[in-house]
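Working notes for the structure below.
Each reported figure results from applying straightforward, stated rules to the coordinates on display, with no laboratory input. Worth saying up front: this structure is predicted, and the values here are computed from it rather than measured. Here Cβ is always computed from backbone atoms with ideal geometry, including for glycine, and neighbour counts include all displayed protein chains.
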Amino acid sequence: MPTFAEVRKGIKTTLEDPVIPGLSVYDKINPQVNYPGVVVHPDEADYTMAFRQGVVKWDINLLVLVGGLETVVMQDLLDELVSPYGEMSISQAIYNNRTLGLPNCDAHVRGVNRYWVRYLSAHYGASLKMHVVFSK
């Protein structure tokens, strides 16, 4: 069964440029992010989903960040990244590679659980809730 470090790396490989053009993906929490960017942020794990720990489920927040002075353009980009479909859709990219390149893995994005704007610093963000399930 893959380690969480391998899950992070699999998400990064599944999403980063050229899969989603221009997207920077950070498999570890980083205080400095190039926009547009996604930070893989673990939320919760369940190691007891099946008898003898045969199935593990990770809930992961994908923190999606965009920034710049053109507020309408940045919001449009953020909307594209968090949409369920499209060339720039994070959800679509995960759906297209549900295994994340890992054995016995099934991943999907459930949806958006937060969307925010920081007016003074001109950056925008959203949090996508992702599930990754492994079986032995």
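For every other residue with a beta carbon closer than 14 angstrom to the beta carbon of Asp106, add +1 if it is Lys or Arg and -1 if Asp or Glu, then tell me the sum. With Lys, Arg at +1 and Asp, Glu at -1, the neighbours total +3. Note down the relative contact order for segment 23-136 as a percent, whole number, built from C-alpha pairs under 8 angstrom at least six residues apart. Relative contact order, segment 23-136: 24 percent. Label-to-label distance, Thr99 versus Thr13, with points set 7 angstrom from Cα along the beta-carbon direction: 1.1 nm.
Only lysine pairs 8 or more places apart or on separate chains count here, and in the chain those with Cα atoms under 17 Å apart total 7. Longest stretch of the chain clear of exposed loop sites (GluC sites (Glu not before Pro), DSSP loop, at most 12 other Cβ atoms within 10 Å, sites excluded): 1-69.
Going by neighbour counts of Cβ atoms within 10 Å, the residues Thr3, Thr48 line up, fewest first, as Thr3, Thr48. Working from Cα positions, state the angle (0 to 90°, nearest 10) between the long axis of helix 71-82 and the longest principal axis of the chain. Between helix and principal axis, roughly 20 degrees. Where [x] 13, 45, 30, 10, 2, 0; [y] 8, 15, 17, 19, 21, 14, 6, 0; [z] 10, 27, 19, 11, 8, 11, 10, 4, 1, 0 are the candidate values, the label of the one calculated here for P(r) over Cα pairs in 10 Å bins from 0, in percent is [x].
With the charge dipole of segment 4-135 set up from +1 on Lys and Arg Cβ and -1 on Asp and Glu Cβ about the Cα centre, the Cα lying farthest toward the positive end among the listed residues Tyr115, Ile11, Pro36 is that of Ile11.
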